[in-house]
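To start, the structure under review is shown below, and the notes come after it.
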Amino acid sequence: MKAARSGTKDGLEKTKIAVMRKVSFLQRKDQFEEEDDAGYLDVAMSEVKHPPPQLSPMPEGLTSHQVVRRHILSSIIQSERSYLESLRRISQEYHRPLLEADPRIISPRKIRPIFYRVREITQCHSMFRIALTSRVAEWDSSEKIGDLFVASFSKSMVLDVYSDYVNNFTSAMALIKKACLSKPAFLEFLKKKQASSVDRITLYGLMVKPIQRFPQFILLLQDMLKNTPKGHVDRLPLQLALTELEMLAEKLNEQKRVADQIAETQQLARSVGDRLLSKQLNSKQGSLVLCETLIETVYGERGQVLKSKERKVFLFDDVLICSNVPIVQCVCLCFSGKALLGPPRLYQELQELQHDLSVVEEVTLLVGTLQGTYQNLNTTVAQDWCLALHRLIRIKEEQIQCANKCRLRLQVPGRPDKSGRPVSFMVVFNTPNPLSKISWVNRLHLAKIALREENTPGWLCGEDDGKTMPPFWFPLLACHMPVFATKSPERKLEAALHHPVHCALLGFSAASTSLPQGYLWVAGGGDPLQGQIEIFSLNRPVPRAVKSLQLGSAVCCLEYVPELCTDEDEDAVPKSPTASSANLCVGLDDGRILVYGSMDTAAQCVLTLQNPEGCPVLCLKHSSLFLFAGLRNGTIKVYRRNHELWEPEPCRSVSFGSEPVRTLLVLDDNVWASSGNTVTVMDTSNFDLQVTHMAQAGGGVWMAFSEGSSIRLFHTETLELLQEINISTRSTLLNTGQKMRVTSLLICQGLLWVGTAQGLIVTLPVPKLEGIPKITGKGVISLNAHCGPVDFIVAASSSLSPDLLKRDSWCDGPDSACGGEERSDSSSQESLQQASSNQGESKGRGRGVLLQYRLRSTSGLPGRPLTAQGDEVSQSSLESLEHSVEDGSIYELSDDPEMWVDRVSSVAVISGGRGFRRLKERGVSNRTNTESSENVLMVWQLPLTV
C-alpha cells in the first residue's frame, strides 16, 4: 500500500493483483466482537439461591377451571425448564468446547456469528424463571400469571436480543453448513455430540428453539385464557399478555422479513454483471415482494416436456427478474403482459372429445330410427358410447384444472421486431405447490394495481415527518366507482354489507385475483318515501352491479344473518330449509324490517316485521336466537328466531330512554346499546339492564362519539378504559384546517379503520388474537379520500375453496404441464342463481399461531430434520445425519399445503361516501376525480392470507 501511494510501478502492479483477487486491505473489527457484550450484564445464576419453580401439591376442593389452569401452569413450567436446558446445552456443549478446543476446530471469528445472542437470550429467560418461581410459590392464593408475562417480555431488550438472533439465524446455519463441508473435524464434532446426547437432538434442533419460543407461549396463554372464567383476576392480565406477545411476534416477523428482503436483494445485486441493473437493485432493497425458486419448463409442439431448469424469480414492486441457479445471469421481465393459465393441448383434446360426443349423440338418434335388429348396433350400445365420452370429458376437465394449479405462464413483452411491431414471448414456470401458484398470481395482480397513480403513493404516515409508505405495506386501492346509475344530490348512503357466497364455477385465476367471493349490498336513502339497494358482484377484480331493489321507504340499516351451524343452535331451533339458510335484514324509515332470503334467486322478501309505532329502525344486530332492532324513540325490539325465520309476535320491547338507539353490538350473551351519550349492557338471557357506562362501540371495544376526534378502548368485561387515541393528531400533515369527527369504525386484518366527517380514512395497527385490541403502532392516512363524510366502512372476506390447494398425484406428469387461457362462464358468475352454492365461510380447525419466519433453504445442514413430531427420537435420524431436500423450510409444519394450510382468505375493505379526491402529501386536495355530489365506493384489496 505504501508503494502504491508513492506511485512506484511495482507497488501499483501488486495493488492491481490484490484487487483482482479481492484481498481486503482494511482490517475491520468484527461487528460481533463489538456488539456481543454491548449493553448486557452476564449474571451467574445459582440453583441453590434461585431454585427452579416447583408447583405445590394440588389442594382439594378446586373447580374444574382451577384444575385445568394448574395443568397449564405446569406445562409452562416444564416448557420453560426444557427451553433453558436447551440454551445451556448450546453454550456448554457446543459454544464453549469449540472456543476452548486445542487444536482449533474452526476459527473463533466463525464461532461468534454462529452463537450470536444465545447468552443474552439465556439471561432474559433466567430472570423470567426467577419471577416465575416466585409467582408459582403463591399460585394457590393469587392464581395470577398474565402480568408476569407482560412485565418480562414487554421490554425493548427482549425484542432487540431476539431480533438479532432471528435475523442472524439463516447466516448462522449457512456457516455451519459451509464449515461441515470444509472442516471434517467440525462435522465429526457435531456427530459425536449428537450421538452422545440422550435425545439425539442436533445443534440445528437446539438452535431453532428460540424461534419457536413465542408461538409456544402464545398457545399456552390462549389455553389459559380459555379456561379463565369471566370476572377472574387473571383474565385482563392474560389478554394484555397475549397482546404484548403478539406485538413482539409481529415485530420479529417484520424485522425478519425486511432482513431477508435486503439479503436476497444484495445477493442478487452482487451476482449480476450489469452495473446499471446492480445499481437499480441496490436502490430496491425494501421493495422485494416475493422470491422463490421455480422450474422453467420448455414444451414441444405436442405438449411434451423438452427440458426444464431451476430459475430463481424475484418480484419487486415494479419489475420481475428471473435468474438462473446459482445466480450469474438475470433477465428483467416487466409485467405489462398477462398471466395465462391452462394447458392448450389438453384443451384441444377436450374440444375433440366434445366434438365426438356431439357426433355420437347424432348417431344415437339415427340408430333409434333403424327398422331392423343388429348385433352391437342398437340404442343401448350408443348410449354407452355417450356415457363413456362423458366420463372421458370429466377426466379431461379434472386434468386441466389440476394442471392449472402448479403451472404459471407469463406472457411478457420482448424487443420489437425489425418493423417495429411489439413482440411478446411466453415463459412457463412450475411452482412447488398450488399455494405457491396462488401467491404468485395474486402478487402479480396486486403489483399491477400498486403501479397505478392512486397507489403511488397511497398512504401517508401521520407521525413520521410526512413519510409516504411503499406499496404492499398497506391495502391497495383497487378501484373507485359510483354506487347508483343515476345521480341524485338528495340520495345519501346509509349502510352496506358483504353477503358471502362461494362460487363453485370460479376458476383458479379468478379466485386468486378477484375480490372476496359474494355480493355487496349498498343501501341509499334521502327521500323518506323511497329507498334503494344496489347489489354488486365481487367475483371479479372490480365490483359489477347485478341487481337494484326499489323500496317504498328509505333504508336505514342492513344486517346479514348467516345460517345456523352450531350444535347448540340446531338443538334450540327446529331444522327447516328456510330457518337454516342465511338471510339479510333491511331496516326501513317507516319502522318495517324486510327479511330477504339469500337462497332466493330473485332476492325476494320472504318476511316483513312491523312495529306498531312505525318508528324508524336505526340499527340491526343478531345473535344465535334473537334479532335486535334499535329504534329512534330509544326502544329496542327483540324478535325470537324459530322455524319461520323470526317470530313477529310476541315481540319484546326494552326501553333505554328518549334518545335514539344508534348503535348495537352483540358480545357473547350481552348486547351493548348506545343511546345518547350512554352505553347500556343488556343480558340477553333475561333482558335485565346490568350496567351503564359513558361511551359507544370490539377482548376490548373501541368507541367513537358524535362529536370530537377521540376514540376510546374499553374492556368488554370490566368496562375499564384502556386506551384513548386522538385521530386529529394523525392528520396534522394534511393541513385540513377542519375539526375532525369520527363517522365510522372497522377492525379488519389487524387494522383499525377510522372514517371521518372530512372524508379522510385513517388506519391504526391492532393485534389479531383474542387479547386486547390496543393500538400498537403509528397511524397512516390514505391519500385517497371522499369529498364528504365517510358514511360506512365494511369488510368483505371469503375463503378460497380447499380444492384449489389440493394437487393430485398425476398432475406432475408430462401430460399436465402446459398452459393456455383458463375459461370461465362470466354470465354464470354474475348470476344471482349462484346463491345456491355453498354459503358462508367454512370453519376450519384452529391452527394456532405460527411465526411466519420465511427462512431460506437449509437443505443439507447436518442434523436430524426438525419436523412437526417435535423432539422424538427417529430411527432415520440415527442412520443419517443429513437433512433431506424436503426440509428446506425451517419453521413450517410441512411443505405440503394440504397438511398445514387450513384456509386461504381473500379480504377487501370498502368505504362509501360522496365524491372521490386525491390528497397532496401536505395539502388539502390535489384534484377531484368525481363530482362531490355523487355517491362513490372505494375498494381496497389486501393480499391473500394463509
>> Which numbered condition in (1) surrounded by 19 or more Cβ atoms within 10 Å (Cβ to Cβ); (2) modelled with pLDDT under 85; (3) in contact with a His (Cβ under 7 Å, 6 or more places away or on another chain) is the only one that residue 727 fails?
In response: (3)
> Applying the selection to region 101-118, what residues are within 34 Å of the chain's Cα centre (by Cα) and part of a helix (DSSP H, G or I)?
Replying inline: 113, 114, 118
> In region 608-666, which residues are assigned to a strand (DSSP E or B), surrounded by fewer than 20 Cβ atoms within 10 Å (Cβ to Cβ) and small (Gly, Ala, Ser)?
Replying inline: 653, 655
> So which of 176, 218, 201 ends up being assigned by TED's automatic domain parsing to the domain that holds residue 77 and part of a loop (DSSP other than H, G, I, E, B)?
Replying inline: 201
>> Of all residues being within 17 Å of residue 633 (Cα to Cα) and surrounded by fewer than 19 Cβ atoms within 10 Å (Cβ to Cβ) in region 670-684, which is modelled with the lowest pLDDT? Just the residue, please.
In response: 677
> In region 528-554, which residue that is in a loop (DSSP other than H, G, I, E, B) and under 21 Å from residue 615 (Cβ atoms) is modelled with the lowest pLDDT?
Replying inline: 528
> Among the residues of region 253-286, which ones are hydroxyl-bearing (Ser, Thr, Tyr) and at pLDDT below 80?
Replying inline: 271, 278, 283
>> So, in region 386-429, exactly how many residues are in contact with a helix residue (DSSP H, G or I) (Cβ under 9 Å, 6 or more places away or on another chain), of a type in the set (A, V, I, L, M, F, W, C), closer than 28 Å to residue 445 by Cα and not in a loop (DSSP other than H, G, I, E, B)?
In response: 6
> How about region 896-946: which of its residues are at pLDDT below 60 and buried (at least 19 other Cβ atoms within 10 Å of the Cβ)?
Replying inline: 897, 901
> Which number in (1) buried (at least 16 other Cβ atoms within 10 Å of the Cβ); (2) in contact with a helix residue (DSSP H, G or I) (Cβ under 7 Å, 6 or more places away or on another chain) marks the one condition that residue 99 misses?
Replying inline: (1)
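The values are calculated or read from the model by the stated rules, or taken from the named source; none is laboratory data. A quick note: this is a predicted structure, and the numbers were derived from the prediction, not measured. Positions of Cβ are backbone-derived with ideal geometry, glycine not excepted, and every protein chain shown enters the neighbour counts.
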